[in-house]
Structure formats: C-alpha cells, structure tokens
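First comes the structure, then the notes that go with it.
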Amino acid sequence: MASHRAAPIQAALTTRRATPEDAPVCGRICYDAFSAISAQHNFPCDLPSAEVAAGFMTMLFSTPGFYGVVAELDGRIVGSNVLEERSIVMGVGPITVDPTVQNAGVGRRLMLDVLQRARSQHAAGVRLVQAAFHNRSLSLYASLGFDVREPLSCIQGKPRQRSIAGCAVRPATPADLDPCNALSHRVHGFDRGADLAHCIERGTALVVERGGRITGYSSHLGFFGHTTCEANQDLQALLASVDSYGGPGILLPSRNTEMLRWCLAHGLRVTQPMTLMSMGLYNDPRGAWLPSITF
C-alpha cells in the first residue's frame, strides 16, 4: 500500500519553517506517532499526553538555537522535525509523521531538510538517538549516511545508594561553565556550553567534585539532559544524588558494563533499548557519559 501512495504524496508534499502556532497540531502528531509505534512493540510511550507533546513543541519552535520544520500535504501538517543548533555538533529530533501517511517518504523529506540546514550552518557533525525496536527508522537513518555508534539502555528508577565516597554533588553555577566545557572537550572533543548555560539558569544542572575539582557535570539527569564525567565513580555520584530521573529516564551507553551492572545492583531498571547514531565528526568519548535523547 505504501509504495502505491508514495509517489503522489511525494509530489504534493512541501516543507516550511515551523512556527509556535504549529505546536498544537505537531504535538498531537508527535504523541500519536510515538504512542502507536511504542504500542506495537509493547513499550511505554515516551510522552504522557498530546498536551505535554504540544508544550514541548512550543518550546522547540520558539527557542533560539532550534530549527523546526513541518511537512504539509495539501495544506495539512503531516509531520515535523527539529535540529538543535547550539553546538558545532547538532542533534536531530523529535521527528514524527502522522500515522495515516507513514512509510510514504514524509520522514525522509523531513530528514533531508534538517540535514541541508545543518550543512548550511557548517555543522561539524549531526547526531540522533533512535528507538532500537523501530526497524524502519534505523533503516532510514542508515540509508541517509548515519553510522551506529552506541547501543543505549534507557534506565529509570530510584537509586538505593545515595552517595559515593570521595565525591560531592552540588547545583551548578555560572562560574562552573568554563571547567565543565573544558571537561567536555577532554571527553568528547567539543562542548555543549549553550545547552549547559541554559540548564544552569533553569536550575537543573549539577556538578560533581572529587579531589577539590570538578570531575563531572549533568545538564539534567533525564531524557533531555546530557552528562559528562571523567570516570564511572563521578557518574555514579551524580546518579545517586537524585530521587529519580526526568521523563522516561537516563540514556546509558550499554557497553559501559560496569555502570550498567551498578545501575541494576542499585535498584534501577532498563525500560527500553535505543541507539546513538552520528554523521560527520565523532570521537570515541574518553570518560563516562550519558547522551540526551537528541545526542
């Protein structure tokens, strides 16, 4: 069925820059798309409601540093995509397509749009995180040139251990930006200073100190935050410092088996598998880290 309708849909499909006024429709599509694919594979939806999704889209479509695009078919919005542009490495998502027109090339058109945008902004690289159970999205991203970099485990729960010897966790302040960005350069080869500064202002960012210096930070311990540390003990200290993690949970690189076993031994659980993919600049991280749902 999809192959017969793909050609006429592609011919009639247009894309344009998203506006905050598009958020209610895009939020409904986002929720419907995520809930449908999650239900097909017996996983919980990443978003609790269409209203929450609409609020999230409003933020993305109105915040500097984010490029949003919508796809329209005969004047009707049928999907959207977002590119985070606040670093030399840019992140894609969420990309969602109306379930009634999926598998007809809408997602590919939305991806081509943001990749062209990334090129025009001279991005050193582009990254995304995809649900590992979603075979079609994996195939789309791989066909567009994305490489699989890390299997991820989405982890949620209340940690049993509440502190790590020798490590002190506290809220991040603006004075911490320089050492945190320097740490990110050592671990990843680039920083996410604009994202971190925003999270410090919002009050979600944390730092961990060991031996009298900052050895790790988190913009937010949850689905939409990233974390960078020198070593696993710094990451453990951050994870132990909060009661739970925002949204569906944190995204732990599954190959960090020491951390994965620590999480399982301390009352945390794996909720779903995901995959980090990249195009362009990618350095194997030299430390312990958690990507956000964007990258």
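Table: residues versus (1) acidic (D, E); (2) touching a helix residue (DSSP H, G or I) at 6+ places or on another chain (Cβ under 8 Å); (3) surrounded by fewer than 18 Cβ atoms within 10 Å (Cβ to Cβ); (4) under 23 Å from M59 (Cα atoms).
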{"residue": "D195", "(1), (2), (3), (4)": "yes, no, no, yes"}
{"residue": "R202", "(1), (2), (3), (4)": "no, no, yes, yes"}
{"residue": "V208", "(1), (2), (3), (4)": "no, yes, no, no"}
{"residue": "H220", "(1), (2), (3), (4)": "no, yes, no, yes"}
{"residue": "F223", "(1), (2), (3), (4)": "no, no, no, yes"}
{"residue": "C229", "(1), (2), (3), (4)": "no, yes, no, no"}
{"residue": "L238", "(1), (2), (3), (4)": "no, no, no, no"}
{"residue": "G246", "(1), (2), (3), (4)": "no, no, yes, yes"}
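For V242, work out the one condition from (1) assigned to a loop (DSSP other than H, G, I, E, B); (2) buried (at least 21 other Cβ atoms within 10 Å of the Cβ) it doesn't fulfil.
For V242, the failing item is (2).
Tell me which residues, restricted to the stretch 25-77, are among the aliphatic types (A, V, I, L, M) and more than 18 Å from the chain's Cα centre (by Cα).
Those that are among the aliphatic types (A, V, I, L, M) and more than 18 Å from the chain's Cα centre (by Cα): V25, I29, A36, A39, A50, V70, A71, L73, I77.
Within the stretch 52-106, considering only strands (runs of 3 or more DSSP E) that don't extend past its boundaries, which have at least 3 residues that are of a type outside the set (F, W, Y), touching a helix residue (DSSP H, G or I) at 6+ places or on another chain (Cβ under 6 Å) and in contact (Cβ under 8 Å) with a residue 12 or more places away in the chain?
The strands (runs of 3 or more DSSP E) meeting that bar are 66-73, 76-84.
Yes/no per residue for (1) closer than 22 Å to F190 by Cβ; (2) under 14 Å from the mean Cα position of the chain (by Cα); (3) surrounded by fewer than 22 Cβ atoms within 10 Å (Cβ to Cβ); (4) at pLDDT 95 or above:
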residue: I88; (1), (2), (3), (4): yes, no, yes, yes
residue: V92; (1), (2), (3), (4): yes, yes, no, yes
residue: L110; (1), (2), (3), (4): no, no, no, yes
residue: R127; (1), (2), (3), (4): yes, yes, no, yes
residue: A131; (1), (2), (3), (4): no, yes, yes, no
residue: S137; (1), (2), (3), (4): no, no, yes, no
residue: L140; (1), (2), (3), (4): no, no, yes, yes
residue: V148; (1), (2), (3), (4): yes, no, yes, yes
residue: P159; (1), (2), (3), (4): no, no, yes, no
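Which of the residues that make up the stretch 162-188 are charged (D, E, K, R) and not in a helix (DSSP H, G or I)?
R162, R170
Criterion first (hydrophobic (A, V, I, L, M, F, W, C), more than 24 Å from T275 (Cα to Cα), surrounded by fewer than 18 Cβ atoms within 10 Å (Cβ to Cβ) and in contact (Cβ under 8 Å) with a residue 24 or more places away in the chain) does A168 satisfy it?
Spelling it out, A168 is indeed hydrophobic (A, V, I, L, M, F, W, C), more than 24 Å from T275 (Cα to Cα), surrounded by fewer than 18 Cβ atoms within 10 Å (Cβ to Cβ) and in contact (Cβ under 8 Å) with a residue 24 or more places away in the chain.
Pairs, please: C-beta under 9 Å, at least 6 apart or cross-chain, first residue surrounded by fewer than 18 Cβ atoms within 10 Å (Cβ to Cβ) and in the stretch 274-295, second of a type in the set (F, W, Y)?
Final answer for the pair search is L281/F190; N283/F190.
Please tell me if A39 is in contact (Cβ under 8 Å) with a residue 24 or more places away in the chain and either of a type in the set (A, V, I, L, M) or not in a helix (DSSP H, G or I) (or both).
No; evaluated as a whole, the condition is false for this residue.
The values are calculated or read from the model by the stated rules, or taken from the named source; none is laboratory data. Not measured: the values here are computed from a predicted model. Every residue, glycine as well, gets a Cβ built from its backbone with ideal geometry; the counts of neighbours run over all protein chains shown.
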